[in-house]
Amino acid sequence: MRGCSKVLLKPRTSEEVSHILRYCHEKNLAVNTQGGNTGLVGGSVPVFDEIILSTALMNQVVSFQDISGILVCQAGCILEELSRYVEERDFIMPLDLGAKGSCHIGGNLATNAGGLRFLRYGSLRGTVLGLEVVLADGTILNCLTSLRKDNTGYDLKQLFIGSEGTLGVITAVSILCPPKPRAVNVAFLGCPGFAEVLQTFSTCKRMLGEILSAYEFMDAECMQLVRQHLQLTSPVQESPFYVLVETSGSKVEHDAEKLSSFLEHALGSGLVTDGTLATDQGKTKMLWALRERITEALARDGYVYKYDVSLPVDRLYDLVIDLRARLGSQAKHVVGYGHLGDGNLHLNVTAEAFSPSLLGDLEPYVYEWTAGQRGSVSAEHGVGFKKQSVLGYSKPPEALQLMQQLKTLLDPQGILNPYKTLPTRA
Ligand code: 2HG
Ligand code: ZN
């Protein structure tokens, strides 16, 4: 998505953000907060001529406690730089995602990004301990506590996590970092069918227990695309599905032993037809690249229609199969991949160019299908500009109304990231 704006502001402190918002509030000027601009739903892109408030210069670490692993930093810190910072201190960030090289932690929070470590460390709603937020009228709300337990009233920070800059501007965060695992092992597997992908997941959970840290899947078309556009090759024999299993634990040999006995069992029982293991960093990175770079390969394939849905895990791939049959030769590729361990499917469709008739076959079909399973039409990428009109497929009118009331309470003039997240009122 492209946008344009005549004004770009780059404050360094929350006081500067407060001055900007107080001014905009008085003059009734719309503001679009922007982090690393890596979102997939247009939340950080101005629709008309909104003032862009960039967090790029708010990139300082405030403190790090090396006993508790609590990091306090400004919203514009780049995720990969924070990872490096805490890794030097023997910790890791509780989230990791493909866009880590440019996304900002403030943007991650504003969209409640999921990513590759969700299965192990859970949602940001659990790992974020405190936030500092500047409200629409310029008030600085300092809820930047670093406490694990705090039941003093409503948990206000939760309102801003996932609100995509529509309720306030996140300026700083306090986040709990887990200790850096001593051992990270990865297995890359080929599965003969989706039923086996599911069975392998159950087996993994049982045989690997607490060391399982990621369970990702991709289909054969994804592999074809990363090969064609990025020259990455499959480390296992060609299969209808591929699975990446990661373990993170405290002892390399112990974890490798667990992983190889799991692999032996999976191969022996026919759940998996081929597999490879990585214990060193180079090969681990190479295996992760196959999964992490699918989005990049898709972008090189043509126009991409993107969907990010939560579904009951046993129905997850049926949507891809249904769509392939429905779209026929209209689409170049219909692919399914994602965070299977979290019930999150990334459904992407590519075509030579944008076509209204293809879009008409995709929507509302994908949303109705998802709603039919009581799924979510936005699992981890947010709502932004692109999905705001479809919220009703996953939320009842009463919930949408309450969201509108909260928006009116916190931003009565509607200056914060207008036209985003909530359905536009008729
Ligand atoms: C991923 O898991 C990202 O790779 C991007 O969330 C997914 O591009 C997509 O659809
Ligand atoms: Zn994802």
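Which of the residues that make up region 120-160 are in contact with a strand residue (DSSP E or B) (Cβ under 8 Å, 6 or more places away or on another chain), within 30 Å of Val186 (Cα to Cα) and surrounded by fewer than 20 Cβ atoms within 10 Å (Cβ to Cβ)?
Arg120, Thr127
Which is more than 16 Å from ligand 2 (Cβ to nearest atom) and not β-branched (Val, Ile, Thr), of Tyr337, Tyr303?
Criteria check complete, one pass: Tyr303.
Which of (1) within 19 Å of Leu277 (Cβ to Cβ); (2) open to solvent by 10 Å² or more (accessible area, probe 1.4 Å); (3) touching a Phe, Trp or Tyr at 6+ places or on another chain (Cβ under 6 Å) is the odd one out, the single condition Cys191 does not satisfy?
(2)
Which ones in region 322-348 are closer than 15 Å to Met218 by Cβ and among the aliphatic types (A, V, I, L, M)?
Matches in region 322-348: Val334, Val335, Leu340, Leu345, Leu347.
Which members of region 28-43 meet the condition of being surrounded by 24 or more Cβ atoms within 10 Å (Cβ to Cβ) and either charged (D, E, K, R) or under 15 Å from the mean Cα position of the chain (by Cα) (or both)? Explain how you work it out, then say what you get.
Here is the first cut: in region 28-43, the residues surrounded by 24 or more Cβ atoms within 10 Å (Cβ to Cβ) are 31-35, 39, 43.
Selection gives Gly35, Gly39, Gly43.
What's the number of the condition Ser355 fails, among (1) under 28 Å from Glu296 (Cβ atoms); (2) more than 16 Å from ligand 1 (Cβ to nearest atom); (3) surrounded by fewer than 20 Cβ atoms within 10 Å (Cβ to Cβ); (4) within 20 Å of the chain's Cα centre (by Cα)?
It fails just one condition, (4).
Give me the pairs, please: first residue somewhere in region 378-395 and assigned by TED's automatic domain parsing to the domain that holds Asp342 and of a type in the set (Lys, Arg), second residue anywhere and part of a loop (DSSP other than H, G, I, E, B) and away from ligand 2 (no atom under 12 Å from the Cβ), beta-carbon distance under 8 Å, and either six or more positions apart or on two chains.
Listed pairs, sorted by first residue: Lys386/Met1; Lys386/Val41; Lys386/Gly42; Lys387/Val41; Lys387/Val377.
So, His346, is that one within 22 Å of Gly190 (Cβ to Cβ), within 14 Å of ligand 1 (Cβ to nearest atom) and modelled with pLDDT of 95 or more or not?
Yes; evaluated as a whole, the condition is true for this residue.
For Thr171, are the conditions met, namely being assigned to a strand (DSSP E or B), touching a helix residue (DSSP H, G or I) at 6+ places or on another chain (Cβ under 7 Å), in contact (Cβ under 8 Å) with a residue 40 or more places away in the chain and of a type in the set (Ser, Thr, Tyr)?
Yes; evaluated as a whole, the condition is true for this residue.
Going by the structure shown, is Thr370 within 16 Å of ligand 1 (Cβ to nearest atom), assigned to a helix (DSSP H, G or I) and either in the same structural domain as Phe217 (by TED's automatic domain parsing) or touching a strand residue (DSSP E or B) at 6+ places or on another chain (Cβ under 8 Å) (or both)? Steps first, answer last, please.
Details: within 16 Å of ligand 1 (Cβ to nearest atom): yes; assigned to a helix (DSSP H, G or I): yes; either in the same structural domain as Phe217 (by TED's automatic domain parsing) or touching a strand residue (DSSP E or B) at 6+ places or on another chain (Cβ under 8 Å) (or both): yes.
Yes.
List pairs: first in region 72-90 and basic (Lys, Arg), second outside any helix (DSSP H, G or I), Cβ under 7 Å, 6+ apart or cross-chain?
Once the first residue is basic (Lys, Arg) and sits in region 72-90, its partners that are outside any helix (DSSP H, G or I) give Arg89/Phe64; Arg89/Asp66.
Among the residues of region 204-221, write down those that are open to solvent by less than 30 Å² (accessible area, probe 1.4 Å) and either among the acidic types (Asp, Glu) or over 30 Å from Lys251 (Cα atoms) (or both). Break it down stepwise before answering.
Taking region 204-221 and keeping what is open to solvent by less than 30 Å² (accessible area, probe 1.4 Å), we get 204, 208, 211-219.
Those that are open to solvent by less than 30 Å² (accessible area, probe 1.4 Å) and either among the acidic types (Asp, Glu) or over 30 Å from Lys251 (Cα atoms) (or both): Glu216, Asp219.
What are the residues in region 14-55 that are of a type in the set (Val, Ile, Thr) and farther than 16 Å from Ile78 by Cα, if any? I'd like the intermediate steps shown before the answer.
Step one: of region 14-55, the residues of a type in the set (Val, Ile, Thr) are 17, 20, 31, 33, 38, 41, 45, 47, 51-52, 55.
Val17, Ile20, Val31, Val41, Val45, Val47, Ile51, Ile52 - these are the residues of region 14-55 that are of a type in the set (Val, Ile, Thr) and farther than 16 Å from Ile78 by Cα.
Considering every residue within region 395-409, establish whether at least one is under 25 Å from Asn37 (Cα atoms), touching a His at 6+ places or on another chain (Cβ under 9 Å) and away from ligand 2 (no atom under 16 Å from the Cβ).
No, because not a single residue in region 395-409 is under 25 Å from Asn37 (Cα atoms), touching a His at 6+ places or on another chain (Cβ under 9 Å) and away from ligand 2 (no atom under 16 Å from the Cβ).
Specify which of the listed residues (Ala325, Ala331) is among the aliphatic types (A, V, I, L, M), open to solvent by less than 70 Å² (accessible area, probe 1.4 Å) and modelled with pLDDT of 95 or more.
Values: Ala325 fails: open to solvent by less than 70 Å² (accessible area, probe 1.4 Å).
Answer to the check: Ala331.
Looking at region 9-25, I want the residues that are hydroxyl-bearing (Ser, Thr, Tyr) and open to solvent by less than 10 Å² (accessible area, probe 1.4 Å) and have a partner that is modelled with pLDDT of 95 or more and not in a helix (DSSP H, G or I) with Cβ atoms under 7 Å, at least 6 apart or on another chain. Which pairs are those?
Ser18/Val134; Ser18/Gly138; Ser18/Ile140
The values are calculated or read from the model by the stated rules, or taken from the named source; none is laboratory data. Computed from a prediction, not measured in an experiment: that's the story for all the values here. A quick note on method: Cβ atoms are made from the backbone with ideal geometry, for glycine too, and the neighbour counts reach across all protein chains shown. Only protein heavy atoms, including side chains, enter the accessible area calculation; ligands, DNA and RNA are left aside. Shrake-Rupley method; radii C 1.70, N 1.55, O 1.52, S 1.80 Å.
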